[in-house]
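Structure first, then comments.
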Amino acid sequence: MSRPIMNTPRWLALGLSLVVATFAGCSKQSSSSAEGGKAKMKLGFLVKQPEEPWFQYEWKGAEKAGGKYGFDVIKIGVPDGEKTLAAIDSLAANGAKGFVICTPDVRLGPAIVAKSKADGLKVITVDDRFVGPDGKFIEEVPYLGMSASKIGHASGETLAAEMKRRGWSYDDTAACIVTFEELDTARERTDGVIAALKESGFPADRIFKAPQKTTDIPGSLDAANALLAQKPGIKHWLVAGMNDTATLGAVRATEGNGFAAADVIGVGINGTDCVDEFRKASPTGFYGSIYVSAVQEGYRTAEMLFHWAHDGTVPPLDTRTEGQLITRENFEQVLKSEGVL
Ligand code: FCA
């Protein structure tokens, strides 16, 4: 390399060395961290449904932690198993130290763990906990997620209280609970809703499950439509599901079947995916949501992963988050104070 430069005219050699110096400076600058000089740590944050505001807020929280501790967050949407495994390889190729994941399918857990081990990456699960071949949770992988049953209970209690406030009778009211029982956190939430309704005195034989095939609005709309078609003669509907999307789809189904907003009480979970709904000029059947902080979940999991990779602090294996009711009346205030809006 030195020979051609030695034979090059002085002006060109000077120009070349300037170019080399500039590039060296650039790359040093872009990879240096707040700690000074060292390459910035890279951590992945993989989510199953990047189109859901919930997951966008988790990313926001992870980036906040990255800003504080000086690491880069590599955000990847992983809607299926193939994309998940490819994303893990690409993280390893990019020099990442580990990743937080909400997997598209909890049964991918063993494959994700095996690939991460082979690639030397640390893994933390958020929201949806890995399940092993024996059907049990893979407990050695650190997990952070909702206190699902408790949050489901809060949703059911809200339905019961609002029904009471509206003075509806059990005789012409029924509950449509959109379920996705193959996912544990979802089943625990909807079981919690149903338990709370029963505890409030709501008749068990008027609580109907509507299983959704996909966890999006079309999936819950279809599920609720099928149920509504089978249950004529109901005047008022209580509607709930594992998240805002599940409840929103079912509320849309009640509208499509001719129910007025005043005859429907829908309660979601997440509190992040119902902002547009609350902002509508007139109230819909979507009454409230049990808000859980996605920003905090993203921040805390990314922070734990950073400490694990940086100083070897192994994260707690099971961390649960709490929820609070938001409605059209208080959502702006709560979400603003949480830094979501
Ligand atoms: C699951 C749901 C998300 C969110 C999260 C905490 O992954 O699909 O909407 O509720 O749990």
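Here are a few things to note about the model shown:
- Restricting the range 234-247 to residues that are closer than 18 Å to LYS280 by Cα and open to solvent by less than 10 Å² (accessible area, probe 1.4 Å), the residue that is farthest from the ligand (Cβ to nearest atom): THR247
- Contacts under 7 angstrom Cβ, first residue in the range 183-197 being away from the ligand (no atom under 13 Å from the Cβ) and in a helix (DSSP H, G or I), partner aliphatic (A, V, I, L, M) and open to solvent by 10 Å² or more (accessible area, probe 1.4 Å), 6 or more apart: ILE194/ILE207; ALA196/ALA160; LEU197/ALA160; LEU197/ILE207
- Residues of the range 85-98 classified as small (Gly, Ala, Ser), in contact (Cβ under 8 Å) with a residue 40 or more places away in the chain and in contact with a helix residue (DSSP H, G or I) (Cβ under 7 Å, 6 or more places away or on another chain), total: 1
- Residue in the range 132-141 that is within 16 Å of the ligand (Cβ to nearest atom) and more than 19 Å from LYS48 (Cα to Cα) present: no
- When PRO142, PRO110 are checked against the criterion of being without any contact (Cβ under 8 Å) to a residue 60 or more places away in the chain and either over 22 Å from GLU297 (Cβ atoms) or of a type outside the set (Asp, Glu) (or both), PRO110 stands alone in meeting it.
- Residue within the range 57-67 that is away from the ligand (no atom under 15 Å from the Cβ), open to solvent by less than 30 Å² (accessible area, probe 1.4 Å) and among the hydrophobic types (A, V, I, L, M, F, W, C) present: yes
- Residues (open to solvent by less than 50 Å² (accessible area, probe 1.4 Å) and either polar (S, T, N, Q) or farther than 19 Å from LYS42 by Cα (or both)) located in the range 92-104: THR103, PRO104
- Among the residues of the range 165-182, those identified as free of Cβ contacts under 8 Å to residues at least 12 places away in the same chain and assigned to a helix (DSSP H, G or I) are ARG165, ASP171.
- A single entry from ILE101, ILE112 fulfils the requirement of being of a type outside the set (Asp, Glu), assigned to a helix (DSSP H, G or I), in contact with a helix residue (DSSP H, G or I) (Cβ under 8 Å, 6 or more places away or on another chain) and modelled with pLDDT of 95 or more: ILE112.
- Exclusive hit being away from the ligand (no atom under 14 Å from the Cβ) and either surrounded by fewer than 24 Cβ atoms within 10 Å (Cβ to Cβ) or under 22 Å from PRO211 (Cα atoms) (or both), set GLY271, GLY288: GLY288
- Restricting the range 40-55 to residues that are within 16 Å of the ligand (Cβ to nearest atom) and without any contact (Cβ under 8 Å) to a residue 40 or more places away in the chain leaves a set whose member that is most open to solvent (accessible area, probe 1.4 Å) is GLU51.
The values are calculated or read from the model by the stated rules, or taken from the named source; none is laboratory data. Please read these numbers as outputs of a predicted model, since none were measured by experiment. Using ideal geometry, Cβ is built from the backbone for each residue, glycine included, and neighbour counts are taken over all protein chains shown. To get the accessible areas, we keep the full protein, side chains included, count just its heavy atoms, and leave off ligands, DNA and RNA. Shrake-Rupley method; radii C 1.70, N 1.55, O 1.52, S 1.80 Å.
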